[in-house]
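Right, one structure below, let's go through it.
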Amino acid sequence: MATTNTDPEIITDKNEMRKWSRAMRSQGKTVGLVPTMGYLHEGHLSLIKESHNRTNLTVVSIYVNPGQFSPSEDLSTYPSDFHGDLLKLKSLPQRVDVVFHPYNLYDYNNNNNNNNKSVVIGNAIRKGENETVSSCVEETEAGHETWVRVERLEKGMCGKSRPVFFRGVATVVAKLFNIVEPDVAVFGKKDYQQLRVIQRMVRDLDFSIEVIGSEIMRDSDGLALSSRNVHLKPEEREKALSISRSLFWAKSAAQKGQINCKELRELVIKEINGAGGRIDYVEVVNQESLEAVDKINSPVVICVAVRFGTVRLIDNMEINV
Ligand code: AMP
């Protein structure tokens with residue numbers, strides 16, 4: 001395990017990334033991958049710690065994946081601060097060996113039906129009418145037409161209101177896995193459905209990668225850390241605390257014997273509605289299958305997606321009674 005901290009190597013080219021990884025693995029070193037969209041916070045950093053505990057070397061990818069945003073979603077306003085991210089990574093006690101920062105991993109020229117021109121926003125490429133095509137586009141391979149779909153798991157919860165989301169996630173994560181060839185990949189339980197989609201993809205497509213689910217990191221007041229929190233106005237942030245508050249109440253009610261999921265859902269919905277949140281969904285589902293359950297007689301997770309102002313927040317609470 002590496003013990004001294006030096007600046008991470010920044011790699012933008014996928015062939016170079018693969019070469020690095022293969023060279024390290026040929027020396028018998030294990031590689032951990034932490035995929036992120038940047039604007040790093042303590043939640044991301046906890047995943048790096050997890051990777052560091054399990055592998056010799058850690059790669060953090062920073063890539064805002066256009067494939068998981070629909071045209072109406074917030075790709076253009078997604079926060080980014082690559083320089084700040086690097087400073088955070090450098091100051092960590094755990095060494096990050098490589099920051100993989102590709103310009104673009106998927107060419108949307110031939111895939112997105114809504115617009116007709118690729119543009120660069122931050123490090124990501126998306127469609128749009130008014131912006132110019134950057135030279136970064138040249139780094140892509142035109143004409144991708146392959147998508148990874150995890151057919152059942154991608155449909156519920158976030159998949160209902162974001163129909164292209166998990167297709168975009170699974171495809172880009174599969175590409176990252178093929179490029180970095182890690183032994184271990186760490187994802188946050190904060191994005192619970194995403195974690196299960198990736199674990200299922202790894203199982204179904206025989207990736208030789210161990211996927212670890214890491215616990216949710218929260219602010220001291222309970223709000224789950226998210227890059228999107230920066231867009232919350234102070235009063236919205238205060239109201240958004242209803243999410244974690246109600247989830248902790250529901251967990252406590254379940255531990256005291258309330259096994260009726262309808263009651264637990266209603267408790268959460270009432271609290272969030274009372275705070276003015278616009279609920280996308282509140283569901284109590286089996287932790288593995290993500291199928292809705294009526295009674296808690298196996299490990300469940302209560303998953304929530306809510307809008308406060310323009311910000312869509314997700315959170316969840318595992319209940320193992
Ligand atoms: P993102 O940059 O939002 O795509 O997130 C990258 C990774 O960090 C994903 O695996 C997320 O689940 C994880 N993550 C984001 N927020 C948190 C959090 N508050 N606690 C733990 N993991 C998180």
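Quick note: the coordinates plus some simple rules give every number you see, no bench work behind them. Quantities reported herein were computed from a predicted structural model and do not represent experimental measurements. Here the Cβ positions follow ideal geometry from the backbone for every residue, glycine too, while neighbour counts run over all protein chains shown.
Its relative contact order, with pairs defined as Cα atoms under 8 Å and 6+ residues apart, puts the chain at 16 percent.
When only the Cβ of Lys, Arg, Asp and Glu is charged (+1, +1, -1, -1), the dipole of the range 211-317 relative to its Cα centre reaches about 220 debye. For the range 228-238, 3J(HN,Hα) computed residue by residue from phi via the Karplus equation (6.51, -1.76, 1.60; θ = phi - 60°) reads 6, 4, 4, 7, 6, 6, x, 5, 5, 4, 4 Hz, glycine and proline entered as x. Couplings for the range 252-261, taken from phi via the Karplus curve 6.51 cos²θ - 1.76 cosθ + 1.60 with θ = phi - 60°, read 5, 4, 5, 5, 8, x, 6, 9, 7, 5 Hz in order; Gly and Pro are left as x.
Take every DSSP beta bridge whose two residues both sit in the chain, then give the antiparallel share in percent to the nearest 5. If I count the DSSP bridges inside the chain, around 55 percent turn out antiparallel. The protection proxy used here, the mean number of other Cβ atoms lying within 10 Å of each residue, ranks peptides 85-96, 255-266 as follows, highest first: 85-96, 255-266.
Mean separation of Cα pairs under 8 Å and 6 or more residues apart, divided by the residue count, gives the range 175-321 a relative contact order of 21 percent. Residues whose amide H lies under 5 Å from that of A275, counting only those 5 or more places away or on a different chain, are absent; hydrogens are built 1.01 Å from N in the peptide plane. For a 25 Å ceiling on Cα separation, which of these pairs sit above it: K160/K295; K155/K239; K189/K251; K251/K295? Violating the 25 Å Cα-Cα cut-off are K155/K239. Compute the helix-to-body angle for 14-26: its Cα long axis versus the longest principal axis of the chain, expressed 0 to 90° and rounded to tens. With rounding to tens, the tilt is 90 degrees. Tell me whether the chain comes out rounded, prolate or oblate; compute the Cα gyration tensor, take square roots of the eigenvalues as a ≥ b ≥ c, and use a/c under 1.5 as the rounded threshold. Note, shape of the chain comes out prolate.
Projecting the Cα atoms of S76, I11, H41 onto the dipole axis of the range 1-82, where Lys and Arg carry +1 and Asp and Glu carry -1 at the beta carbon, places I11 farthest toward the positive end. Using only Cα atoms and rounding to the nearest 10 degrees, what angle (0 to 90) does helix 165-180 make with the longest principal axis of the chain? For 165-180 against the chain, the angle is about 40 degrees. Can you classify the range 167-321 as rounded, prolate or oblate using the Cα gyration tensor, where a ≥ b ≥ c are the square roots of its eigenvalues, rounded means a/c under 1.5, and otherwise it's prolate if a/b beats b/c and oblate if not? Oblate, since a/c reaches 1.5 and b/c is not below a/b. Modelled spin-label separation between Q27 and R152, with each label point placed 7 Å from Cα along the Cα-to-Cβ direction: 4.4 nm.
Take every pair of alpha-carbon atoms less than 8 Å apart whose residues are at least six positions apart; their mean separation over the length of the range 232-307 yields a relative contact order of 29 percent.
The C-alpha atoms of the chain define a longest principal axis, and helix 42-54 lies at about 70 degrees to it.
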